[in-house]
Amino acid sequence: EVQLVESGGGLVQAGGSLRVSCAASGFISPHYVIGWFRQAPGKAREGVSCFSNSDGSTYYGDSVKGRFTVSSDNAKKVVYLQMNSLKPEDTAVYSCARSRDGTWTLSLNGWISWGQGTQVTVST
């Protein structure tokens, strides 16, 4: 089975940067699609970014476009989310998951192998 583990969260001041990681263990298809999600207190979980290893394509939510960048290291089986120009509203638990069918979807039930999440807190 595939297991995903997030790391790299922490406390950062507004305007700062942080990089979180999603490390995969076990077998994962070379056509994998990994999505990043976040959930703030009292709010629903939302999609943040997505990376497709099939063609290297990326997707970003409107609220993070121009500030966040997703990338991967295939040798290490890690997907990174570089977060720049952080805002207090970016504060949330960031989680990664694997697409069930290898495609991007807005439906949360299309994602499996959820990691435990890593806390990102942006102070004013």
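The values are calculated or read from the model by the stated rules, or taken from the named source; none is laboratory data. Since the structure is predicted, the reported quantities are computational estimates derived from the model, not experimental observations. For neighbour counting, all protein chains shown are included, and Cβ atoms are generated from backbone atoms with ideal geometry for every residue, glycine included. When the accessible area is computed, the model is the full protein with side chains, heavy atoms only, and any ligands, DNA or RNA have been set aside. Shrake-Rupley method; radii C 1.70, N 1.55, O 1.52, S 1.80 Å.
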| For the stretch 61-124 and the stretch 10-37, distance of Cα centres in Å | 5
| task | Give me the accessible area per residue for the chain, probe 1.4 Å, as a whole number in Å². | result | 52
| About its Cα centre, how strong a charge dipole does the stretch 18-124 have in debye, to the nearest 20, once Lys and Arg get +1 and Asp and Glu get -1 at the Cβ? | 160
| query | Each residue of the stretch 36-41 in turn: what ³J(HN,Hα) in whole Hz from Karplus with 6.51, -1.76, 1.60 and θ = phi - 60°, glycine and Pro shown as x? | reply | 9, 10, 9, 9, 8, x
| remark: Heavy-atom accessible area of the stretch 1-115 with neighbours in place, 1.4 angstrom probe: carbon+sulfur share in percent works out to 50
| query | Under a Cβ-Cβ limit of 4.7 Å, which cysteines in the chain have nobody to pair with? | reply | 50
| said: Taking θ = phi - 60°, what integer Hz values does the Karplus form 6.51 cos²θ - 1.76 cosθ + 1.60 yield along the stretch 11-22, in sequence order, with x for Gly and Pro? | reply: 9, 9, 7, 3, x, x, 10, 7, 10, 9, 10, 10
